[in-house]
Structures are given as C-alpha cells and as structure tokens.
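Q: What follows is a structure written as structure tokens; I'll ask about it next.
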Amino acid sequence: MKTFMANPDKIDRKWYVVDAKGVTLGRLASEVASVLRGKNKPEFTPHADCGDYVIVINAAEVKVTGKKLDQKIYYNHSEYVGGMRETTLRELLAKKPERVVELAIKGMLPKGPLGRDMYRKLHVYAGENHGHQAQKPVVMEIKG
C-alpha cells in the first residue's frame, strides 16, 4: 500500500466558525491550531498545508485563569535603542482583543513559511459579526 501525500490540488478546505465566549484561551488556541494545521483530517501531511479556514468570534470575551490578566506580559520592540514596550494581558484585551487570540494561536503553529501560510487562514473578530457568511462556515464547538 502506498503512503498518501497531500498536494495543494487534492486538499478540500472547509470553513469553521468558533465562538470564544467563555472559553479558556489556551484550550481555544490548541483546538484552532490543530484545525489550521489539518490534524483533524485523515489525509494529514506534516510538510503540507492541508488545514481548514477558521473564523473566531467574540475574542473580547475569552477567559483566562489565575493571575494571567496582570502577570502575562506581551513584549514589543520598535527597533530603536530603548524601544522595548511591555503590555499586560488586561491592557491588550481592552485595546485589541483579537490580537490576544491571534498571538496564542500563532505560537502553536509551525515556524517558517508553512506556519505563515496556515496563519493566513485564521480570521479573528472581537464581536459577533464577521464578513464570511458567503463561505457558509460550520459551527465548531470547543468545551471550555
């Protein structure tokens, strides 16, 4: 029996919508990263992008445990001397809640060109509304 190798023309991509309301951030990120990679499919190939598209809504209402709101710090550098900026999770959730979910999921994807291709299939929205109704996304449940 021959080993199956996925190529871009053989891959059937679906659209999923995930409601992040009340779901723990890490649990949400690991499930979504798995779907973006294509690990939920029988034809998963590690060196090919065979994942699906994922839309995450209600990113502003994601849940975290412990003292992460004040202790988890995101770093940003302006490339100038002394340009390091620190932002806590609480501040980032107030300003850009989509970014929190995007960074958590991006960290669980492979690094390099393959991971960047997978990351492009992720769409995160802070509220209920998204502009992808035409793709007829299927609701994906995450226990939380």
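The values are calculated or read from the model by the stated rules, or taken from the named source; none is laboratory data. What you see is a predicted model, and the numbers here were worked out from it, not measured in a lab. Reconstructed Cβ throughout: ideal geometry from the backbone, glycine too, with neighbour counts over all protein chains shown. SASA here: full protein model, heavy atoms, side chains in, ligands and nucleic acids out. Shrake-Rupley method; radii C 1.70, N 1.55, O 1.52, S 1.80 Å.
Q: Restricting attention to helices (runs of 4 or more DSSP H) lying wholly within the range 48-144, give those where 1 or more residues are closer than 29 Å to Lys10 by Cβ and either modelled with pLDDT of 95 or more or open to solvent by 40 Å² or more (accessible area, probe 1.4 Å) (or both).
A: 97-106, 113-119
Q: Sticking with this structure for a sec: Name the residues in the range 1-47 that are among the acidic types (Asp, Glu), out of contact with any Lys or Arg (no Cβ under 8 Å at 6 or more places or on another chain) and part of a loop (DSSP other than H, G, I, E, B), would you?
A: The answer is Asp9, Asp12.
Q: Moving to a separate point now. Can you work out which of the residues in the range 29-47 that are open to solvent by 30 Å² or more (accessible area, probe 1.4 Å) and among the small types (Gly, Ala, Ser) is nearest to Asp9 (Cα to Cα)?
A: Ser34
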